[in-house]
């Protein structure tokens, strides 16, 4: 009876460990997305047009293309900025490229540069 219990426990343990690995290998459970708050170092920059600059609150309204690292379609929306100094050289109508991350539910621009 003890051998049967050991075999059942061993089989159950093996299944518990291999099922999550199989899901990750298949690309499930967000395995292909960067972790929240990651700097998206390898993420490509997204093209946008500046619609509004709010230096006091550190916010920026952008009409942007699809943001691939956030799995977000093109739209116009407000972003926080990592550093308010990013806003000093921006004005409505500027064409820019930027990176943004989901920082605990707060969409934040981490890098921005004007397009030439």
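Since every read-out is calculated from the coordinates, none of them should be taken as a lab result. Predicted model only: the values in this text are computed from it and were never measured. All Cβ positions, glycine included, derive from the backbone under ideal geometry; neighbour counts span all protein chains shown.
Table for the structure above
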item: Packing rank of 68-74, 79-85, where each peptide gets the mean count of other beta carbons within 10 Å, highest leading; result: 79-85, 68-74
item: Net lengthening on full extension, residue 97/residue 85 (0.36 nm per residue, minus Cα-Cα); result: 2.7 nm
item: Two-site label geometry, residue 106 and residue 55: point separation in nm, points 7 Å out along Cα→Cβ; result: 2.1 nm
